[in-house]
1. Which shape class applies to region 146-206: rounded if a/c is under 1.5, otherwise prolate when a/b exceeds b/c and oblate if not, where a ≥ b ≥ c are the square roots of the Cα gyration tensor eigenvalues?
2. Using r as the Cβ-Cβ distance of N172 and E224, and R0 as 30 Å, what FRET efficiency do you calculate, to the nearest 0.05?
3. Can you give the Rg to Rh ratio for region 122-230, taking only C-alpha atoms and Rh from Kirkwood?
4. Using only Cα atoms, what is the ratio of the radius of gyration of the chain to 2.2 N^0.38 Å?
5. Using only Cα atoms, find the angle between the long axis of helix 153-168 and the longest principal axis of the chain, and express it within 0 to 90 degrees, rounded to the nearest 10.
6. Compute the accessible area per residue over the chain, keeping the other protein chains in place, probe 1.4 Å, unit Å².
7. Multiply the residue gap between H189 and H133 by 0.36 nm, knock off their C-alpha separation, and tell me the result in nm, one decimal place.
8. Using label points projected 7 Å from each Cα along Cα→Cβ, tell me how many nm separate D71 and R142, to one decimal.
Amino acid sequence: RRRDLLEALLADPAPDRGRLARLARDARWAMPRRAAALGLPPGKTAGPLPPGVLDGTHRAEPCLIVPDDPDALDALRRGGQTMAVGPVVDVAAVQRSLAWARRTLELAARGAVPGDGTLMAADHVPTLVVVQHRDLVEHVARRRLRPLLELRPSRRRPYALTLQAALECGFNASAAADRLGVHPQTVRHRLRRLDDLFGAVVHDPELHAELLMALRLWLALGDEPFAEPA
């Protein structure tokens with residue numbers, strides 16, 4: 001009965017609240033007003049679960065549904081396994097939370113978002129949104145970031161990271177170096193090279209949002225945004 005309830009909650013569109021309430025009653029699950037979904041890597045199982053957590057580890061893409069309860073989430077995090085936590089949403093919309101959790105897990109597996117253990121989808125919103133609207137941002141990336149292709153392949157990612165950090169830090173080389181974990185002189189050297197490649201574009205404030213979106217996609221997908229559409 002709890003599996004039936006979990007599948008109903010993850011259906012798109014979700015059943016009406018009356019049916020959900022009946023399924024929850026049959027499963028003896030105190031249906032919360034809000035909940036979050038957790039995505040787990042394929043083949044993973046969960047240990048003992050806190051009360052109120054619905055177990056979806058039988059699915060091909062295992063997951064959990066957790067009521068909006070910080071104690072329950074903390075108990076799961078202490079297990080130490082890799083998982084992605086979707087945003088807390090209305091319980092009838094928990095399938096959306098799972099979609100964001102799964103995207104976060106996929107990006108982490110590709111190295112596109114940092115960290116292991118517990119990954120919070122809400123901490124990676126810009127990257128998730130850019131990848132969600134990939135077609136449009138790819139168009140921007142092909143137009144704005146093509147100068148990076150003039151660099152040797154091994155240098156493209158470090159220079160893309162440097163440009164991103166510089167844009168986010170207002171071209172303060174010391175702040176960008178702290179963010180990247182490199183010497184400020186390394187950042188200054190790379191910025192001079194980026195100036196040669198891009199010209200005035202990188203210093204035009206009206207283009208900074210565009211560049212940052214394009215860089216997030218570049219860093220998530222590598223050179224893939226430059227593959228010509230089929």
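1. The shape class here is oblate.
2. On the way: r = 30 Å, r/R0 = 1.01.
Efficiency for this residue pair is about 0.50.
3. Values: Rg = 13.4 Å, Rh = 14.1 Å.
Result for region 122-230 is an Rg/Rh of 0.95.
4. In units of the globular-protein estimate, the chain measures up at 1.23.
5. Between the helix axis and the principal axis of the chain, the angle is about 80 degrees.
6. Values: 12170 Å² over 230 residues.
For the chain, the solvent-accessible area averages 53 Å² per residue.
7. That pair, H189 and H133, stretches by 16.8 nm at full extension.
8. About 5.5 nm, to one decimal.
The values are calculated or read from the model by the stated rules, or taken from the named source; none is laboratory data. It should be emphasised that the depicted structure is a prediction, and the values quoted were computed from it without experimental measurement. Counting neighbours? That spans all protein chains shown, and the Cβs are built from the backbone with ideal geometry, glycine included. For the accessible areas, the whole protein counts, side chains as well, though only heavy atoms, and no ligand, DNA or RNA atoms are used. Shrake-Rupley method; radii C 1.70, N 1.55, O 1.52, S 1.80 Å.
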